[in-house]
Ligand code: EAX
């Protein structure tokens, strides 16, 4: 009798295991999401993405997997933005410049010489204005997860150091495909050339363009300094970035899975911010060591004067809440 009970017991356990293996409960189904960006695997966009992937994986018991696609593997920033809207890309870190071509309200963060320093940017990005901007992406089939990357985009070129607006004259500068950015560089006297990021190293090397502008971290991690001569630490634009998810992806996630992503974002973005600031410093040191001419203009008055019309042009048509945000940021 006892033996028979034991045999039944064993049979029951085997059947139970077989049932569990053949139809796993919903929570153990694996979801894989692709996060993409244009910069190098060593860049803070990648370390941020790695932190996010690690957190999401551990909180979901391994059932949510994020694969990372750096270096324009899945396309340039405009392609990736379109991919998010179509649902062919799940997540991306995008420059606020390109993101604003899809969500114009974001341009309030792109105005030249707007932020005093990293702290000023971060306060705005993490405060009520940042929250409203993240909401503003929703009508465009996007989900705004966070703002980060609190450094500046500075000009680099192969011709001369930039000490005054006159030094920009005639320089063919690669700009992102961002009208506000191109108008600003025109106002400074340069000749902007829009190019996707993935083509930039070669364009600099072949002298198709004379220069570009980017975060020091990016100028360094993309090794542009190998084919350029001068870096001017002139904080023309914020280098701010937005972490976005496709609304199509968001809609596929359960409330618990959304919570896992959302609760992981602040820690991941903090890693991105930390690494950006550190890599900006390191980049400057390495580029100095590599023999680049580095100058830091101290009086920005003439630069600010030259770009004044940009503020009016880009804020004029904005909704009132953006105009108010613009006033508040300048306080
Ligand atoms: O957002 O294109 C660029 O210059 C950007 O810095 C880059 O794609 C990161």
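The values are calculated or read from the model by the stated rules, or taken from the named source; none is laboratory data. On a predicted model such as this, the values are computed, not experimentally measured, just so you know. Glycine gets a Cβ as well: all are built from the backbone with ideal geometry, and neighbour counts include every protein chain shown.
Give 109, 156 a once-over and let me know the one that is assigned by TED's automatic domain parsing to the domain that holds residue 176, buried (at least 19 other Cβ atoms within 10 Å of the Cβ) and within 16 Å of the ligand (Cβ to nearest atom).
Exactly one residue qualifies, and that residue is 156.
Just to be sure before I move on: is residue 123 modelled with pLDDT of 95 or more, away from the ligand (no atom under 16 Å from the Cβ) and farther than 19 Å from residue 176 by Cβ in the structure I sent?
It is true that residue 123 is modelled with pLDDT of 95 or more, away from the ligand (no atom under 16 Å from the Cβ) and farther than 19 Å from residue 176 by Cβ.
Pick from region 86-105 the residues that are within 13 Å of the ligand (Cβ to nearest atom) and over 23 Å from residue 50 (Cβ atoms): which of them is nearest to the chain's Cα centre (by Cα)?
Here the answer is 97.
Could you figure out which of (1) more than 25 Å from residue 113 (Cβ to Cβ); (2) touching a helix residue (DSSP H, G or I) at 6+ places or on another chain (Cβ under 9 Å) isn't true of residue 289?
(2)
Among the residues of region 48-73, which ones are part of a helix (DSSP H, G or I) and away from the ligand (no atom under 14 Å from the Cβ)?
Within region 48-73, 50, 51, 52, 53, 54, 55, 56, 57, 58, 59 qualify.
Which of the residues that make up region 74-103 are more than 27 Å from residue 29 (Cα to Cα) and out of contact with any helix residue (DSSP H, G or I) (no Cβ under 9 Å at 6 or more places or on another chain)?
79
Consider region 164-194. How many of its residues are in contact with a strand residue (DSSP E or B) (Cβ under 6 Å, 6 or more places away or on another chain), surrounded by fewer than 19 Cβ atoms within 10 Å (Cβ to Cβ) and part of a loop (DSSP other than H, G, I, E, B)?
1
Testing residue 140 on (1) surrounded by fewer than 18 Cβ atoms within 10 Å (Cβ to Cβ); (2) within 12 Å of the ligand (Cβ to nearest atom); (3) touching a residue at least 24 places away in the same chain (Cβ under 8 Å); (4) under 17 Å from residue 99 (Cα atoms), one condition comes back false. Which one is that?
(2)
The conditions are (1) crowded, with 22+ Cβ neighbours inside 10 Å; (2) within 30 Å of residue 190 (Cβ to Cβ); (3) touching a residue at least 40 places away in the same chain (Cβ under 8 Å), and residue 145 fails exactly one of them. Which is it?
So the condition that residue 145 fails would be (2).
Which is touching a residue at least 40 places away in the same chain (Cβ under 8 Å) and in contact with a strand residue (DSSP E or B) (Cβ under 7 Å, 6 or more places away or on another chain), of 277, 269, 253?
Sole residue among the options that is touching a residue at least 40 places away in the same chain (Cβ under 8 Å) and in contact with a strand residue (DSSP E or B) (Cβ under 7 Å, 6 or more places away or on another chain): 269.
Conditions first: (1) over 21 Å from the mean Cα position of the chain (by Cα); (2) within 16 Å of the ligand (Cβ to nearest atom). Residue 186 passes all but one, so which condition is the exception?
The one condition residue 186 does not meet is (2).
Looking for whichever is in the same structural domain as residue 190 (by TED's automatic domain parsing) and in a helix (DSSP H, G or I) here; the options are 248, 302. Which one fits?
302 is the lone residue from the list that is in the same structural domain as residue 190 (by TED's automatic domain parsing) and in a helix (DSSP H, G or I).
If I ask for residues that are within 16 Å of the ligand (Cβ to nearest atom), within 23 Å of residue 93 (Cα to Cα) and not in a helix (DSSP H, G or I), which ones from region 217-245 would you list?
Scanning region 217-245 gives 222, 223, 235, 236, 237, 238, 239, 240, 241, 242, 243, 244.
If a residue has to be free of Cβ contacts under 8 Å to residues at least 12 places away in the same chain and part of a loop (DSSP other than H, G, I, E, B) to count, how many in region 89-130 make the cut?
The qualifying residues number 3.
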